[in-house]
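The values are calculated or read from the model by the stated rules, or taken from the named source; none is laboratory data. What you see is a predicted model, and the numbers here were worked out from it, not measured in a lab. Reconstructed Cβ throughout: ideal geometry from the backbone, glycine too, with neighbour counts over all protein chains shown.
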C-alpha cells in the first residue's frame, strides 16, 4: 500500500526568491502532477530557485524522477538566455576568430 504523498512549501524570510518544497511519502505517478504544479506555482509567485527537500520520501518511482526532471525544466532558463550560456558562447566566438599564423 502506497504511503500518501505530502508536499509543503516554505519561503525562507531572508531569501524571498527561494521556495523550499518538503516532500514526504511516495513520489510516484499520482504525486508527479502535484510536484510539477507546486514548482510552477512557486515560479509564478517569483521564485528564482526551488529546493526539493526529499528527506521524507520513502519510495520514488520512474514517474517521480520524471516529475523532478519536469520541475528542473520549469526552473532552468532556456539555452542562450542564462548568463553562463551567453558567456560561454561569447568565449567560443572569440576562440574561433583567433587562429595560428600560417607557417612560412
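Tabulated values for the structure
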quantity: Subset of the stretch 8-36 that is within 13 Å of the chain's Cα centre (by Cα) and under 14 Å from residue 64 (Cα atoms) - its residue that is surrounded by the fewest Cβ atoms within 10 Å (Cβ to Cβ); calculated: 36
quantity: Qualifying residue in the stretch 56-65 (condition: surrounded by fewer than 16 Cβ atoms within 10 Å (Cβ to Cβ), at pLDDT 85 or above and in a loop (DSSP other than H, G, I, E, B)); calculated: no
quantity: Given (1) over 17 Å from residue 76 (Cα atoms); (2) in contact with a helix residue (DSSP H, G or I) (Cβ under 9 Å, 6 or more places away or on another chain); (3) surrounded by 13 or more Cβ atoms within 10 Å (Cβ to Cβ), number of the condition residue 50 does not satisfy; calculated: (1)
quantity: Residues of the stretch 42-55 that turn out to be assigned to a helix (DSSP H, G or I) and in contact with a strand residue (DSSP E or B) (Cβ under 8 Å, 6 or more places away or on another chain), as a count; calculated: 2
